[in-house]
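Q: Got a structure for you, questions after.
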Amino acid sequence: MIGNLATNLCILRHTKNLTQKEVAKKLCISEAKLSWYERNITVPNEEMLKELADFYGVTVQQLTEEDL
């Protein structure tokens, strides 16, 4: 299920020309936590998955399962 999450998070952030610091600030999380998500060190909980998907304008399914 979460196979594409890290890659998709990086792609979406770069597509929007945002830094990790900018995204982390908007989502009220630490830069380190966002970095862990993008490097597949840890997986966000269901609530954070929804927030990330909403922030990037995709569904949770697209974020976690599809190649963006």
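Q: Do we find that residue 24 is open to solvent by 40 Å² or more (accessible area, probe 1.4 Å), of a type in the set (Gly, Ala, Ser) and without any contact (Cβ under 8 Å) to a residue 40 or more places away in the chain in this structure?
A: Details: open to solvent by 40 Å² or more (accessible area, probe 1.4 Å): no; of a type in the set (Gly, Ala, Ser): yes; without any contact (Cβ under 8 Å) to a residue 40 or more places away in the chain: yes.
Judged against the criteria, residue 24 is not a match.
Q: Now a separate question. Suppose we keep only residues that are at pLDDT 95 or above and open to solvent by 50 Å² or more (accessible area, probe 1.4 Å) within region 43-57. Which one would you say is nearest to residue 68 (Cα to Cα)?
A: 57
The values are calculated or read from the model by the stated rules, or taken from the named source; none is laboratory data. The structure displayed is predicted, hence computed values, not measured ones. Using ideal geometry, Cβ is built from the backbone for each residue, glycine included, and neighbour counts are taken over all protein chains shown. Heads up: the accessible areas ignore ligands, DNA and RNA and are worked out on the full protein's heavy atoms, side chains in. Shrake-Rupley method; radii C 1.70, N 1.55, O 1.52, S 1.80 Å.
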